Amino acid sequence: MARRLHHPRAFPGPCGRGRCRRGRPAAGAVFRRRPGRCTGRLAQRGGHGRAGRRAAAGHGCGAGPPRHGAKRPPAGQPAAGAARLLRRPHLRAHRPAGRADVPHHLAGDGVVTAPTQPPAATDEAPYGWVIVGAAFTALAVIFGVAYAFAAFFAPFEATFSASRADVSLVFGLSGLLYFVLGAFGGMLSDRFGPRVVTSAGMLCIAAALAGGSQATSMTQLTLFYGLGLGVGIALVYTPSIGCVQPWFTRRRGLAAGIASAGIGAGTFAVPLLATAAIAWWGWRGAMLALAAGVVVLGLAATVLLRPAPAATRRSGGTVPGMTLREALRSRSFRWLYAMCVLAAPSMFIPFAHLSASARDLGIGEAQAVGLVGLIGIGSLTGRFAIGSLADRVGRPLTLVAMQASLGVSMALWWAADGYVALAVFALWMGLSYGGIVSLMPALCMDLYGARAVASIIGTLYTGAALGNVAGPWLAGWVFDASGSYGGVIVGCAVLSAVATWGTWQAVRR
């Protein structure tokens, strides 16, 4: 039901609380005329000024005649100011059907109605869905390669006679870099456009995979696979996901969910493909095959990315929304950043260690690696379903619920004693993770606008960098020292609980 408010800027040229002010109806609100005589200064002088002069019978606030004897217009004839208003389309509000000859503020019983529905979905440019598809593909490629690390974990461990902590450090370093450098990737995208920056990132990832395939030591592998892959993902991730948000208004959550679902699709498909490739060609040949796939599919997606009209500069040289500096000073950003720092270990430790945990329970190699694919399926479902649901019930509340769900899912991992329990955990954890990741960019667009959205998203994601690099490495160290993942799982659950509280602090009014 429409709201009923008294607003001093309800009509062009009315008297609001004793002063005449120009204005337009606020979208989504209803304004009721206030009875009584106008007390504004211009009314006392017998008029309402050049833009808003109207005789008292047609005055928007329901006042009587001016004090200096101005006469009412003849019955059925609009006041002079109202007739002038009809000749100005840019000042004219929506009128009830069948009353086109009556000014909007004179219709019916004096209740002025502005539209209460959000902008129609057809107002969103069709090319926005091309952007969604391109971002989906780009994110599937880069995160599929990143999380294919689970398939390479055992070969790296065997080839270089390395501990789990050392092997986990390679994955953690790449995550550290693409989260820390994601802010710079967003800044470059805001300056040079997403197409150039993301294409350069794809080439960097392909070069890192090709170089890593020739590594002869853990140091070389860390430099190529960890360093090169991290820089390349940083140049693709935030520019791709940040490019989607300004193309949409009403269906922003759904669009962001579909685009970020590429992460889930890549997480599901690429580790399984990598496992098959390792069986056929060995891990070195598999990395070369991944490099070729990045060049073909990755570049085909990034060349389609371009800025939305909402993210282009106005005639005054600015883009609507907050600058990065303004966003950094806001209370909501500080709490969202804390949430990213606290929630990161719970998000990334399972990607690196769930397969190893399954092997410790006697589960076969294919099924163990397939658990990472199940996280991808859950993430894929979460991005589609949670993004669409959040458009209806609200993104802030949904984000809090997803954070809480992530922490609760850790109890199932702790209690798991076989493949079925681990599979359910992987799906549950993936659903929660996917919902969080799909909501963050859309929420940033809601809070801070399009002006520096890629830079803001990238800066926010630097908060996950510490948890990404330290979480998997620390989990490996704890396992090497204790022979169990129990302490790691409990720590993830506690951090998720604190992150849920931080999320609530960020989104509450």
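Since every read-out is calculated from the coordinates, none of them should be taken as a lab result. All of these numbers come straight from a predicted model, not from anything done at the bench. So basically every Cβ, Gly included, is an ideal-geometry build from the backbone, and we count neighbours across all protein chains shown.
Observations
- Residues S217, S357, S174 arranged by fewest to most Cβ contacts within 10 Å: S217, S357, S174
- Taking the fewest neighbouring Cβ atoms within 10 Å as the starting point, the ordered list for V494, V478, V296, V167 is V296, V494, V478, V167.
- A compact globular protein would have a Cα radius of gyration near 2.2 N^0.38 Å; the ratio found for the range 121-507 is 0.92.
- Cα-based shape type of the range 362-425, given that a ≥ b ≥ c are square roots of the gyration tensor eigenvalues and the cut on a/c is 1.5: oblate
- Shown for Y419, Y485, Y461: other C-beta atoms within 10 Å of each C-beta, ranked fewest to most, produce the order Y419, Y485, Y461.
- Whether the range 391-505 is rounded, prolate or oblate, judged on the alpha carbon gyration tensor where a/c under 1.5 counts as rounded: prolate
- Simple point charges give the picture: +1 on the Cβ of Lys and Arg, -1 on the Cβ of Asp and Glu, and for the range 375-489 a dipole about the Cα centre of about 340 debye.
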